[in-house]
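*Asks:* Pasting in a structure now, in structure tokens, and then I'll have a few things to ask.
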Amino acid sequence: SGRGWGWSWRSFNVPSPQGFRLAAPRTFQQIRCYSAPVAAEPFLSGTSSNYVEEMYYAWLENPKSVHKSWDIFFRNANAGAAPGTAYQSPPPLSTSLSTLTQAQFLGQAQPNVDKLVEDHLIRGHHVAQLDPLGILDADLDSSLPADIVTSTDKLGFYGLDESDLDKVFHLPTTTFIGGNESALPLREIIRRLEMAYCQHIGVEFMFINDLEQCQWIRRKFETPVPVLPLVSLEFLHRKWSSEKRFGLEGCEVLIPALKTIIDKSSEKGVDYVIMGMPHRGRLNVLANVIRKELEQIFCQFDSKLEAGSGDVKYHLGMYHRRINRVTDRNITLSLVANPSHLEAADPVVQGKTKAEQFYCGDTEGKKVMSILLHGDAAFAGQGIVYETFHLSDLPSYTTHGTVHVVVNNQIGFTTDPRMARSSPYPTDVARVVNAPIFHVNADDPEAVVYVCNVAAEWRSTFHKDVVVDLVCYRRNGHNEMDEPMFTQPLMYKQIRKQKPVLQKYAELLISQGVVNQPEYEEEIAKYDKICEEAHARSKDEKILHIKHWLDSPWPGFFTLDGQPRSMTCPSTGLNEEDLTHIGQVASSVPVEDFTIHGGLSRILKTRGEMVKNRTVDWALAEYMAFGSLLKDGIHIRLSGQDVERGTFSHRHHVLHDQNVDKRTCIPMNHLWPNQAPYTVCNSSLSEYGVLGFELGFAMASPNALVLWEAQFGDFHNTAQCIIDQFICPGQAKWVRQNGIVLLLPHGMEGMGPEHSSARPERFLQMCNDDPDVFPKLDDFDVRQLYDCNWIVILLPFRKPLIIFTPKSLLRHPEARSSFDDMLPGTHFLRVIPDSGPAAQNPEQVKRVLFCTGKVYYDLTRERKARQMEADVAITRVEQLSPFPFDLLQREAEKYPAAELVWCQEEHKNQGYYDYVKPRLRTTINRAKPVWYAGREPAAAPATGNKKTHLTELQRLLDTAFNLDAFKDLS
């Protein structure tokens with residue numbers, strides 16, 4: 001039966017349990033106590049009677065609609081066979097069937113032939129001829145499966161022999177190798193299975209738990225494939241033999257492979273393809289797939305020309321809109337820039353794809369899609385691949401199917417694949433999401449193009465991921481200057497003998513009379529001429545412009561009415577009516593008949609009281625900020641682990657009905673009639689993958705606020721690659737502005753070394769402002785922001801922003817602000833000066849404590865307890881980078897007799913001290929020392945012992961307020 005497609009057919013080879021009862025209506029009572037013709041285990045869960053009853057009625061209508069063994073079973077039972085005898089079990093596979101009559105033989109051997117068919121579907125890829133070199137095994141196993149018939153002696157495994165090859169057997173209803181025929185000689189069955197599953201294409205799909213999808217794949221590969229037309233193989237002309245290029249030689253077929261995927265997808269309605277890939281073949285893809293002008297690529301090889309970019313040519317991306325000549329439809333192609341961290345771009349591409357789908361209303365992925373290219377060693381070895389696959393079906397992260405193309409060089413730099421992975425194939429990671437995997441010999445262009453057509457159709461039909469594994473080789477070393485014979489002598493002896501695929505395919509076509517030798521040589525010469533002309537044009541310095549390397553242009557953002565936007569910081573304040581309205585929605589449930597948790601009712605009531613008192617805490621302030629942007633049409637996306645509620649149960653942006661499963665309410669989407677949408681989504685337990693995804697989402701549009709929140713700030717270090725390679729240097733390397741916001745809960749509260757520090761020192765170390773130079777600029781604050789590599793606020797440009805968010809301060813009674821601080825005309829305060837008694841008599845102040853974050857509240861409490869409000873001023877630095885030289889200079893000059901101290905709760909070798917000290921000294925022109933009050937250096941960021949934590953805290957407070965503490969040092 002077709003419903004049994006996923007079982008092992010070994011069940012036909014053993015007698016079924018006796019007494020298998022079939023609860024049936026009166027018309028079925030004659031056969032209610034017989035042995036079933038297949039092992040009954042799958043049916044004994046309580047659904048067996050219904051299943052067999054359905055099959056029986058189907059058999060009554062058409063005996064051929066069920067498997068032959070069931071047909072025999074029902075016939076015998078209807079004929080009055082005694083209970084337990086209706087099913088005629090075939091003999092064991094090792095038993096000869098030669099003594100049976102022809103009819104008996106065919107009936108008894110049929111299940112064995114069915115199993116032979118299924119085994120080829122499951123394991124045929126293990127014997128497929130995938131390696132172009134003919135020396136390696138793509139699955140790392142040189143042995144052949146015992147149940148795949150590669151010679152007549154293996155027929156014995158199925159209780160058959162060579163004399164049975166010309167006997168005719170029925171084909172299972174789940175196979176399409178027969179075309180319009182329902183039965184074939186065994187010899188022809190085996191031949192067709194070999195042609196479908198054991199040649200240059202190996203198909204892995206039988207692990208997919210969906211009959212429709214499996215049947216779709218069977219139909220594609222078991223139906224005879226027509227001969228394909230000439231494949232145009234283009235190449236990037238080699239002018240610089242000593243330059244690093246990471247060329248595509250050995251997998252030149254990647255170019256027609258990608259073109260095929262794009263052409264077929266365009267035919268299916270896709271008009272935007274976003275791609276990510278490592279360095280190998282990137283220049284070839286830029287030139288021959290995306291159609292970047294060759295002269296722009298050649299410019300990058302001229303050392304006398306300034307490229308205008310901070311990265312090597314094989315990392316750069318591009319964006320291009322052009323006509324697809326196959327479909328005559330417009331198509332936009334974007335290749336995302338990528339560092340040498342090979343798979344790091346995977347989630348970035350997915351995030352950008354999701355954003356483009358979101359902004360064009362493509363809820364099913366019919367218009368926008370992604371293609372990800374991989375190397376075999378990286379695909380198997382880098383965990384970000386697994387993280388990215390696990391985003392593929394999550395509602396807030398799915399891109400509705402990605403085509404993955406693996407350039408399987410069968411080597412990783414110098415590492416043999418047998419030393420590089422534990423799985424048979426590098427692509428096995430894709431099985432976790434039931435993605436079909438098509439292995440193909442990359443020296444067979446027609447097989448490659450066919451597989452790529454199928455892959456594109458699969459993605460268009462099912463909107464799920466699919467993998468194309470191009471089993472190829474790498475003609476040169478890791479790059480063109482590398483010597484591969486040091487470590488892979490046998491492989492590269494064979495590679496030296498290997499004809500390039502273009503030559504092999506041309507010879508095949510010439511032998512078939514498709515083209516002749518002069519026509520082939522003319523095509524080669526024509527492309528050489530194109531390259532030579534482009535090379536000549538590349539000498540003109542005027543043609544070089546960095547816009548040619550942008551992968552995410554933001555048209556219209558940097559200008560207003562045709563003029564550059566003003567370099568100003570507008571007020572971010574709101575009128576009181578809007579503040580009150582947002583606060584009221586934040587403290588209510590804007591949906592009828594919606595039951596919320598009792599504890600949440602108290603939280604909302606408290607919010608309502610704060611709104612009446614014109615006061616906000618952190619959670620309500622966040623609501624105000626988001627709500628005001630939504631009113632202005634700015635889409636907001638907040639993503640991360642537990643962000644809907646908030647790790648510290650403070651946010652509650654998604655309300656859950658306590659009586660109806662999955663019924664939720666997002667009050668922020670009920671603020672204004674024509675507001676922008678607010679997307680808030682709990683992510684998978686991933687940092688690397690999800691931060692990369694949100695970075696990609698933020699790339700797509702400058703008119704959105706995209707935020708990623710770590711569960712604790714400590715955990716961002718598992719996403720350090722995205723921070724170090726994309727967020728921090730992205731604009732310098734790739735001219736890529738990005739407004740991604742990182743919310744990192746931070747603070748020393750005795751919670752141990754993994755729940756305390758967001759490692760601010762690491763972010764500050766990567767800031768690009770010079771500690772020894774006091775900027776002399778007009779528009780001081782805005783110009784500083786423009787020149788730095790990351791920060792802050794509403795501006796005519798975009799920069800990443802790092803916010804060290806609070807934990808205990810979320811409920812601290814003093815961590816509150818008034819509506820007055822948020823009204824029209826107010827701005828973000830880079831520095832908050834002291835406003836108490838010390839500020840009234842600055843000449844009398846003996847010490848100024850500069851600090852940032854939670855320690856401010858510890859310092860003010862201690863100052864009050866020591867009655868030192870007039871002696872010690874406390875100044876808060878709200879914007880650490882770029883450093884507020886101008887405002888801190890004003891503060892230092894305000895207290896001429898005071899000592900200057902930087903106070904932090906973090907250890908001395910962590911936190912802000914190493915960043916702040918040289919900048920403070922530059923601010924005051926080294927007129928006096930800048931002292932330190934805080935924890936001593938340590939390897940771990942925090943203690944896990946509460947008593948030790950409090951002891952350390954008191955020690956730093958004693959240091960901060962002991963006015964004689966530094967005199968001996970001076």
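None of the figures in this text is laboratory data; all of them are computed from the coordinates on show. In this text the structure is predicted, and so the values were computed from the model without any measurement. Virtual Cβ from ideal backbone geometry, glycine too; neighbours counted across all protein chains shown.
*Asks:* Going down the list Lys264/Lys526; Lys154/Lys464; Lys497/Lys526; Lys352/Lys908; Lys799/Lys947; Lys115/Lys366, which pairs span over 32 Å between their C-alpha atoms?
*Replies:* Lys154/Lys464; Lys352/Lys908; Lys799/Lys947; Lys115/Lys366
*Asks:* So what are the ³J(HN,Hα) numbers for region 509-516, from phi and the Karplus equation (6.51, -1.76, 1.60; θ = phi - 60°), rounded to whole Hz, Gly and Pro as x?
*Replies:* These are the phi-based 3J(HN,Hα) values: 5, 5, 5, 8, x, 5, 9, 10 Hz.
*Asks:* Let me ask something additional. Straight-line reach from Lys846: which aspartates and glutamates have a Cα under 18 Å away, not including same-chain ones fewer than 8 places off?
*Replies:* Filter leaves Asp834, Glu862, Glu869, Asp871, Glu891, Glu893, Glu899, Asp958, Asp964, Asp968.
*Asks:* What FRET efficiency, computed as 1/(1 + (r/R0)^6) with R0 = 35 Å and r the Cβ-Cβ distance, is obtained for Asp540 and Ala732, rounded to the nearest 0.05?
*Replies:* Result of the calculation: an efficiency of 0.85.
*Asks:* With θ set to phi - 60°, apply the Karplus curve 6.51 cos²θ - 1.76 cosθ + 1.60 along region 843-854 and write out the HN-Hα couplings as whole Hz, x wherever there is a Gly or Pro.
*Replies:* Working through the residues one at a time gives 5, 8, 6, 9, 8, 10, 9, 8, 8, 8, x, 4 Hz.
*Asks:* If packing is taken as the average count of other Cβ atoms within 10 Å, what order do 910-922, 340-352 fall into, highest mean first?
*Replies:* The peptides rank, most packed first, as 340-352, 910-922.
*Asks:* Classify region 830-961 as rounded, prolate or oblate from the Cα gyration tensor: take a ≥ b ≥ c as the square roots of its eigenvalues, call it rounded if a/c is under 1.5, otherwise prolate when a/b beats b/c and oblate if not.
*Replies:* It is oblate, given that a/c is not under 1.5 and a/b is not larger than b/c.
*Asks:* Something else: Arranged from highest to lowest average of other beta-carbon atoms within 10 Å per residue, in what order do the peptides 498-507, 526-535 appear?
*Replies:* Ranked from most to least packed, the peptides come out as 498-507, 526-535.
*Asks:* Assuming R0 = 45 Å, what is the FRET efficiency of Lys864 and Ser396, from their Cβ-Cβ distance, to the nearest 0.05?
*Replies:* After rounding, the FRET efficiency stands at 0.45.
*Asks:* Just grab the label-to-label distance for Asn62 and Lys946, each label 7 Å out from Cα along the Cβ direction, in nm (one decimal).
*Replies:* 7.3 nm
*Asks:* Please list the non-local residues whose amide H lies under 5 Å from the amide H of Trp931, H modeled 1.01 Å from N, same-chain partners needing a gap of 5 or more.
*Replies:* Leu900, Val901, Trp902
*Asks:* What residues of region 457-484 lie in the reach of a label at Thr223, counting those whose backbone N is under 19 Å from a point 7 Å from the Cα along Cα→Cβ?
*Replies:* Answer for this model: 457-463.
*Asks:* If amide hydrogens are placed 1.01 Å from N in the peptide plane, which non-local residues have theirs closer than 5 Å to the one on Val406?
*Replies:* So Val406 has HN proximity to His374, Val468, Asp469, Leu470.
*Asks:* Let me ask something else about it. Find how much the distance from Arg496 to Asn674 grows on full extension, using 0.36 nm per residue of separation minus their present alpha carbon separation; answer in nm with one decimal.
*Replies:* 57.5 nm
*Asks:* How far apart, in nm, are two points set 7 Å out from the Cα along the Cα-to-Cβ line at Glu267 and at Glu893?
*Replies:* Those two pseudo-labels are separated by 7.3 nm.
*Asks:* On to the next question. Return the distance in nm (one decimal) between the two label points of a simple spin-label model at Asn841 and Ser601, each offset 7 Å from Cα along Cα→Cβ.
*Replies:* Distance between the two pseudo-spin positions: 5.4 nm.
*Asks:* Next up: Determine ³J(HN,Hα), in whole Hz, for all residues of region 635-650 in sequence, where each value follows from phi through the Karplus function 6.51 cos²θ - 1.76 cosθ + 1.60 and θ = phi - 60°; x replaces Gly and Pro.
*Replies:* Per residue, the Karplus-derived 3J(HN,Hα) values read 5, 10, 10, 10, 9, x, 5, 6, 6, 4, 8, x, 3, 9, 6, 10 Hz.
*Asks:* Hey, which aspartates and glutamates would be in cross-link range of Lys539, C-alpha to C-alpha under 18 Å, not counting anything within fewer than 8 residues on its own chain?
*Replies:* Here the aspartates and glutamates satisfying the reach criterion relative to Lys539 are Glu243, Glu293, Glu295, Asp302, Glu306, Asp528.
*Asks:* Once R0 is set to 22 Å, what does the formula 1/(1 + (r/R0)^6) return for the Cβ-Cβ distance between Asn925 and Glu878, expressed as a FRET efficiency to the nearest 0.05?
*Replies:* Computed FRET efficiency for Asn925 and Glu878: 0.40.
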